[in-house]
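Taking it in order: structure first as structure tokens, then the write-up.
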Amino acid sequence: MIQENTIYDIAIIGGGLGGLTLAIQCAKQNRKVLLIEKESYPYHKVCGEYISNESWPFLLSCGIHLHDLDLPKIQRLGITAPNGTYLSHNLAKGGFGIARFTLDHLLAQQAKLAGVNLLENCKATKIEFENNQFNIQTTQGAFTSKYAFGSYGKKGNLDIQLNRDFVQDKKRGAKNYIGVKYHIQSTFPADLIELHNFKDGYCGISKIDNNQYCLCYLTTEENLKKNGNNIKTMEENILFKNPFLKILFTQATFLYKQPLSISQIRFEPKTQIENHFVLLGDAAGLITPLCGNGMSMAMRAAKMISVLLPANLDDANERALFESNYQKEWKKAFKTRLQFGRIFQKLFGSVNITHLILNLLKPFPSLLKKLVRLTHGNDF
């Protein structure tokens, strides 16, 4: 229930993994927390749905009983080039699969139990900082908070209002990408995640809960345009040139009438703070999906913030110290991951280069292990 005329300690815009787990952590610190989410739980979203085991302890601390969910444990990685060249690797850290439909809903329930005021079907339209507090306009009214956090994903209307560089700067010639996701039924191994490359893109498959599989791919908007903006035509003309993908798509049972999709994805560096509005998850920096750890990064940032928050939220000096410490810790934890993710993004998806890289890596499993390690972190 929303408390009228309340000045919240914490307002969070965006109820994905970062926003939900931050809300839970802050509520456990006895802070008044408002979480604004434009959708209503549970709902699907475009996401690879593989989570590194580094996040397992943190999710347990948020009240998610992962052991009771019978989730697939993913311990092997397979990568293919567009021509079918295959490279396999055992994942030292490993991970697990769970649908965002399931996990976000469970976290939303925990947030409510922790005392978070969760406002669903509500869109934040404007945010301003003045007199050491935030005024937030939404489709369900105006709210005030001492601190405000943005965890609304890859791109939101607030990015335009804040005039963020990655939205305004068109001079870099950066490619726009699209993401497409299906849930399917398949006989694919439960302990395996595969990344299949095709021209200017790659597709991942791994098992999730409820005996389903997540099939999700990223490619350029240009690929879609060249195929008449028809997803099915693009899949047949481009993805199916990888023999593994042709088998997956033609033999699987698809559980959606239409795929979920998202457009205008870009991977340039982002800022973590805009006029005291603190960002986390994809809103702060988007890792390439082939690295498979965007969800863990969002939750790690949530814990980071909850630990760094000062006891006195009214002190402007404490705010400045918090912002400085957050930026330092964020870069320490994620800067290298994001840099290597952008490098990997350029190397994979090329017909010839991907084939060459996989052949070069085959005799050197220790090198591949190090590369995989660059995209993972320790337990938190």
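Quick look at the values:
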quantity: Lone qualifier among Leu91, Leu77, Leu118, Leu87 - being part of a strand (DSSP E or B) and in contact with a His (Cβ under 6 Å, 6 or more places away or on another chain); calculated: Leu77
quantity: Selection count, the range 187-196, where residues are closer than 30 Å to Lys226 by Cα and among the small types (Gly, Ala, Ser); calculated: 0
quantity: Residues of the range 325-380 satisfying the condition of being of a type outside the set (S, T, N, Q), assigned to a helix (DSSP H, G or I) and within 18 Å of Met304 (Cα to Cα); calculated: Tyr326, Lys328, Glu329, Trp330, Lys331, Lys332, Ala333, Phe334, Lys335, Arg337, Leu338
quantity: Selection count where residues are closer than 21 Å to Lys270 by Cβ and in contact with a Lys or Arg (Cβ under 8 Å, 6 or more places away or on another chain), scope the range 307-319; calculated: 0
quantity: Scope the range 288-317; condition in a helix (DSSP H, G or I), over 27 Å from Ile79 (Cβ atoms) and not polar (S, T, N, Q); matching residues; calculated: Ala301, Ala302, Lys303, Met304, Ile305, Val307, Leu308, Ala316
quantity: Test result for Leu71, farther than 27 Å from Leu260 by Cβ and either under 23 Å from the mean Cα position of the chain (by Cα) or touching a residue at least 12 places away in the same chain (Cβ under 8 Å) (or both); calculated: no
quantity: Single match in Leu321, Leu347, Leu371 (criterion: at pLDDT 85 or above and not aromatic (Phe, Trp, Tyr)); calculated: Leu321
quantity: Whichever residue in the range 318-376 is charged (D, E, K, R) and touching a residue at least 60 places away in the same chain (Cβ under 8 Å) and, among such residues, is surrounded by the most Cβ atoms within 10 Å (Cβ to Cβ); calculated: Arg319
quantity: Any hit, the range 40-48, residues being in a strand (DSSP E or B) and either in contact (Cβ under 8 Å) with a residue 24 or more places away in the chain or under 18 Å from Gly281 (Cβ atoms) (or both); calculated: no
quantity: Test for Leu91: is it buried (at least 17 other Cβ atoms within 10 Å of the Cβ) and either modelled with pLDDT under 95 or over 19 Å from the mean Cα position of the chain (by Cα) (or both); calculated: yes
quantity: Top-ranked residue in the range 193-216 [being modelled with pLDDT of 95 or more and outside any strand (DSSP E or B); ranked as surrounded by the fewest Cβ atoms within 10 Å (Cβ to Cβ)]; calculated: Asn211
quantity: Identity of the residue in the range 127-164, farther than 24 Å from Asp315 by Cα and among the basic types (Lys, Arg), that ends up farthest from the chain's Cα centre (by Cα); calculated: Arg164
quantity: Residues (touching a Cys at 6+ places or on another chain (Cβ under 9 Å) and charged (D, E, K, R)) located in the range 33-74; calculated: Glu37, Lys38, Glu49
quantity: Tally of residues being among the acidic types (Asp, Glu) and either crowded, with 20+ Cβ neighbours inside 10 Å or in a strand (DSSP E or B) (or both) across the range 243-287; calculated: 2
quantity: Top-ranked residue in the range 109-133 [being in contact with a Ser or Thr (Cβ under 7 Å, 6 or more places away or on another chain) and buried (at least 17 other Cβ atoms within 10 Å of the Cβ); ranked as nearest to Asn163 (Cα to Cα)]; calculated: Ala124
quantity: Condition met for Gln25 (modelled with pLDDT of 95 or more, buried (at least 22 other Cβ atoms within 10 Å of the Cβ) and polar (S, T, N, Q)); calculated: yes
quantity: Any hit, the range 29-36, residues being touching a strand residue (DSSP E or B) at 6+ places or on another chain (Cβ under 9 Å) and at pLDDT below 95; calculated: no
quantity: Qualifying positions in the range 209-224 - within 18 Å of Leu71 (Cβ to Cβ) and out of contact with any helix residue (DSSP H, G or I) (no Cβ under 8 Å at 6 or more places or on another chain); calculated: Asn211, Gln212, Tyr213, Cys214
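The values are calculated or read from the model by the stated rules, or taken from the named source; none is laboratory data. No experiment lies behind these values; they were computed from the predicted model shown. Glycine gets a Cβ as well: all are built from the backbone with ideal geometry, and neighbour counts include every protein chain shown.
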